[in-house]
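Worksheet for the structure shown next.
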Amino acid sequence: MSWHPQYRSSKFRHVYGKAASKDKCYDCVPITRNVHDNHFCAVNPIFIAVVTECAGGGAFLVIPIKQTGKLDPHYPKVCGHKGNVLDIKWNPFNDFVIASCSEDATVKIWDIPYQLLKRNITTPKKELLGHARRVGLIEWHPTADNILFSSGYDYKIMIWNLDVKDTVLSKPVKILDAHKDVVLSMSFNTDGSLLATACRDKKIRVIDPRAGTVLQEGSYKSHRVNKVLFLGNMKKLFSTGTSLWNNRQIALWDQNNLSVPLLEEDLDGSSGLLFPIYDSDTHMLYVVGKGDGNIRYYEISPEKPYLNYLTEYRSPLPQKGIGMMPKRGLDVAACEIFRFYKLIPTKSLIEPISMIVPRRSESYQEDIYPLTAAAQPALTAQEWLNGVNKGPLLVSLRPDSEAVNSPPQFLEPEPFTKATDLSQQQGGGGRLLLEDKQKPREIEDVRKWPKVEEKLPKNEQMCLSNGFDIFECPPPKTENELLQMFYRQQEEIRRLRELLIQRDVQIKQLELELRNLCTDTGNY
C-alpha cells in the first residue's frame, strides 16, 4: 500500500472537482454503446468530438466547444467509416484536423471546416490502409508535425508520415512488430523518442520507435496491465490493471527496470477499467474509473513514496469515456488546472468537470501555471524520422504573454487572412512566417494600424481562434449558427467588461496617488 501522509506541503493539496451547471453541459448526445476500452472523446479549445451511434457504419460528432445545451437530433456527423469508430484524436498542432480509426481496418484524417457543420462529412483528407484487422488505437507524436501511430488487432504498430501529398497511403514509414498479442495502450515520453506499450500478453514494453527495438520488457505476476503511461521526464511509468484477485490495481515502474514495480496498490473491487491521465506541468496524476463516477488524483514526486494521494472527485453518474482539454483551453482566471469532459451515456450527457485550485486572488497565479506545451510542433516529420529529438515548444498561459501570441515557431500558414483565399495562403504562408520570425514587433505594429482594437492589450487585439477571426465569418443562416454567434458575442462582451473594470481600477489608483502627491506638496 502507498503511504498516505496526513499533512503535506503542496500547492495542490486542496484541489477540488467542480461539475459544470446543466446549461454548460452537452445534452441529448447519442454516445456510442461500443464496449471497446477507449476514451471515445477528444477535446481541443475549439471543438469537442465524441463517438456516436450510427446505422450502417461508424461516425462521430464534432461540436463547437461553446455550443452547450441540447444538441439538434439532426446535427451533422463525420461518417466515412464502414465499421464502428474505436478511437479519435485531435492533431495537437492543428485544431481543425482529427484522426479516427475503426473496425474497418482503416485510419482516416479529417479536415473540419472553420464554420459550423451544415451537412455530414463523408470524404476524408487522407486514408491510411495498412492494417489487416481492425485498428483500436491511434496517437499523434507529441513534438513532430504530422506523425501518427496506429495500432491494430494484427498485433502491429504502424508509423505514418502525413506530410506526403497522397490522399491514400498504404505503406507506413515503419512497422513495429514486437508484440505477440493486441496492444492495449500506447504512451510517448516528453520528446517522443520512446514509446511505452501495454499488451494483452500482460507485458509492458519500452520501444525505440524509429529503430523498432525493444529497450525494456517486463511483467509482474501479480499485476495484469491494461493501460500504461509515461510520467513526463521522471523516467517512470505508471500502469493500471488488475490483481490476481481481480481487484483494480495501480503500479509505478522505473522505465529502465521493468522487472519489479516501485509501488503497487489495490484500489477497489470494481470491474471497470482505470484510465490514467498525467499532467506533467503540475505533476498531478488522475485515475478515472470506467463504469463509475470517481476521479482519483495524486501528486507524483521523484523520491519515495513517489505517489501522494490527494483526494477523490465522486459522482453518482457513471462515465463511459473521458475527454481532456489541453492546457491552452483552460480558464486561468478561475485557477482551473485541468478539465475533463465526462461521457454519461445513461443520460446522453457530456459533463465538463473542472479541477480548481482554491485561491482568493483573482490575478494570474504563476506558481500553478508553469510553461506548458505550445500548439506548434518542435520538429517536422522528416526531421524526427532522421533521428532528431527535441522537447515541445513551451509557452506561458498568462493572458498578456507575448509567448502565446507570438510563438517562436509556427510551421502552419495562418488561415483566414483577410482578402486571401486558402490557395494563396498556402503559397505565401512560408514568407509571412519568415518575416514574423525576423521582425515580429514590426509585423505586429503594421497589423495594429487600421484597427480600432489598438487600444486593447495585446491578447485582446483580435478575437482569434486558431488564427481565425470569428467576427469575419458570414452572417448566421441556421439556428445553430445564430446560437454560436450569440455565445461568441457574449464572450467578447465579458472580456470587454473585465477590461473596463481593470481600467477603472487603474484610474482610481492614479487619482489616489495624485491626491496624495498634492497633499504632500501642500504640507511643505
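The values are calculated or read from the model by the stated rules, or taken from the named source; none is laboratory data. Here the structure is a predicted model, which is why all the values come from computation and not from measurement. Note: ideal-geometry Cβ built from the backbone for every residue, glycine included; neighbour counts use all protein chains shown. Please note that ligands, DNA and RNA were not included when accessible areas were found on the heavy atoms of the full protein model with its side chains. Shrake-Rupley method; radii C 1.70, N 1.55, O 1.52, S 1.80 Å.
Miscellaneous remarks
- Percent RCO, i.e. relative contact order, over segment 32-177, from Cα pairs under 8 Å lying at least 6 residues apart: 16 percent
- Extent along the principal axes, Cα only, for segment 246-359: 42, 35, 22 Å, with the longest axis given first.
- Ratio Rg/Rh, restricted to segment 155-255 and using Cα atoms, in which Rh is the Kirkwood radius: 1.03
- Percent of Cα pairs in segment 301-347 per distance bin of 5 Å, from zero to the largest separation: 5, 15, 16, 16, 22, 17, 7, 2, 1.
- Exceeding the 22 Å Cα-Cα cut-off - candidates K77/K165; K171/K235; K202/K236; K70/K347: K77/K165; K171/K235
- Under the simplified labelling scheme, the R398-R503 pair shows an inter-label distance of 2.3 nm, with each label point 7 Å from Cα along Cα→Cβ.
- Whole-Hz ³J(HN,Hα) from phi, Karplus 6.51 cos²θ - 1.76 cosθ + 1.60, for segment 204-217, glycine and proline x: 9, 10, 10, 10, 8, x, 6, 7, x, 9, 8, 7, 9, 8
- Three-way shape call for segment 225-281 based on the alpha-carbon gyration tensor, with the a/c threshold at 1.5: oblate
- Gain on full stretching of the segment that runs from D163 to L510 - 0.36 nm per residue minus C-alpha separation: 119.4 nm
- Here the peptides 332-342, 270-280, 252-262 are ranked by packing, the mean other Cβ count within 10 Å, and the order with the highest first is 332-342, 270-280, 252-262.
- Segment 32-177, accessible area per residue, ligands and nucleic acids excluded (1.4 Å, Å²): 38 Å²
- Taking 0.36 nm per residue of sequence separation and removing the Cα-Cα distance, the S259/K235 pair yields an extension gain of 7.1 nm.
- Of the peptides 83-89, 507-513, the order by per-residue mean of other Cβ atoms within 10 Å, starting with the highest, comes out as 83-89, 507-513.
- Here the Karplus relation 6.51 cos²θ - 1.76 cosθ + 1.60, evaluated at θ = phi - 60°, turns the backbone of segment 341-356 into coupling constants of 10, 8, 8, 10, x, 5, 10, 6, 10, 10, 10, x, 10, 9, 9, 10 Hz, with x for every Gly and Pro.
- Quick note on segment 32-177: its Rg to Rh ratio, both from C-alpha atoms and Rh being the Kirkwood radius, is 0.94.
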